[in-house]
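*Asks:* Pasting a structure below so you can have a look.
FYI, it's all coordinate maths here, none of it is from the lab. Everything numeric in this text was worked out from a predicted model, so none of it was measured. Virtual Cβ from ideal backbone geometry, glycine too; neighbours counted across all protein chains shown.
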């Protein structure tokens, strides 16, 4: 059907497997996503399916987006995303795609979202610096970052220098998680482990890139 769907992280729980092993799991409300546009190489230069997740008040949507949703006869959504086709199933604008249409128990997935914002942080918390010795003459310099350059050369601070600053609130992806269970009545899935973001945050769940590469290599011998 599609290579992925847009969803919302609901929270974490634990699942006991038949072998007695207890695993941490995350519940993700995944769809139903409405198809808003079918992109083709002839008209857009590439093939993809654009879908919308959630509902938004019409007053919160710009004029061009209102027309875009109206053309597909879809209610305005919270987030738009594009995914590649998988398989030969028919897809048309306005169609609703549920989690069970895209994923099944045992699949490997990659989950992308925005990590929790931790505010302004120092180098020890942000970059795991060791800090300075607690004795031997160290004075008021225990958690500092140390030297950041040289006066004569290069005479500036190099780009990418690890320093204090904003921690979190940036794009993050967790790879190769296993789908433990599909909950079709709740439009949700259970995936092993943790995923980026706070409860209620938007996430994108796609079939694992590593698994696709592994399958392609197996097919090619």
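*Asks:* Which value at 222 nm does the chain reach when only helices count, each DSSP H run of 4 or more adding -39,500 (n - 2.57), with the total divided by all residues and rounded to the nearest 500 deg cm²/dmol?
*Replies:* Mean residue ellipticity, 222 nm, calculated: -4000 deg cm²/dmol.
*Asks:* Another question, if that's okay. What do you get for the angle between helix 209-219 and the principal long axis of the chain? Use alpha-carbon atoms, 0 to 90 degrees, nearest ten.
*Replies:* The angle comes out near 60 degrees.
*Asks:* Between residue 163 and residue 210, how high is the FRET efficiency from 1/(1 + (r/R0)^6) when r is the Cβ-Cβ distance and R₀ = 35 Å? Nearest 0.05.
*Replies:* That gives a FRET efficiency of 0.60.
*Asks:* Given q = 0.14, 0.17, 0.19, 0.27 Å⁻¹, what are the Debye log10 I(q)/I(0) values for segment 163-221, with equal point scatterers placed on the Cα positions and solvent ignored?
*Replies:* -0.59, -0.77, -0.88, -1.23
*Asks:* Hey, what angle do you get for helix 63-72 against the long axis of the chain, alpha-carbon based, 0 to 90 degrees rounded to 10?
*Replies:* 40 degrees
*Asks:* If you bin the C-alpha pair distances of segment 120-165 every 10 Å from 0, what whole percents do you get?
*Replies:* 25, 42, 30, 2
*Asks:* Could you list 33, 206 so that the one with the fewest beta carbons within 10 Å of its beta carbon is first and the one with the most is last?
*Replies:* In increasing order of surrounding Cβ atoms, one gets 206, 33.
*Asks:* Using a Gaussian network model of the chain with C-alpha springs under 10 Å, which one of 137, 193, 145 is most mobile by mean-square fluctuation?
*Replies:* Residue with maximal mean-square fluctuation among 137, 193, 145: 137.
*Asks:* To continue, here is another question. Using a 10 Å cut-off around each Cβ, can you sort 88, 82, 181, 17 from fewest to most neighbouring Cβ atoms?
*Replies:* So the residues, fewest neighbours to most, are 88, 17, 181, 82.
*Asks:* Give, in nm to one decimal, the length gained when the segment between residue 75 and residue 183 is fully stretched (0.36 nm per residue of separation minus the Cα-Cα distance).
*Replies:* 36.5 nm
*Asks:* Okay, moving on. Comparing 117, 155, 11, which has the greatest mean-square fluctuation in the GNM of the chain with Cα pairs linked when under 10 Å apart?
*Replies:* Sorting by GNM fluctuation, first place goes to 155.
*Asks:* On to the next question. Can you put 202, 161, 12 in order of Cβ neighbours within 10 angstrom, beginning with the fewest?
*Replies:* Ordered from fewest to most neighbouring Cβ atoms within 10 Å, 202, 161, 12 come out as 161, 12, 202.
*Asks:* For the chain, report the translational diffusion coefficient in µm²/s to the nearest whole number, using Stokes-Einstein at 10 °C, 1.306 mPa s, and a Kirkwood Rh over Cα pairs.
*Replies:* The estimated diffusion coefficient comes to 77 µm²/s.
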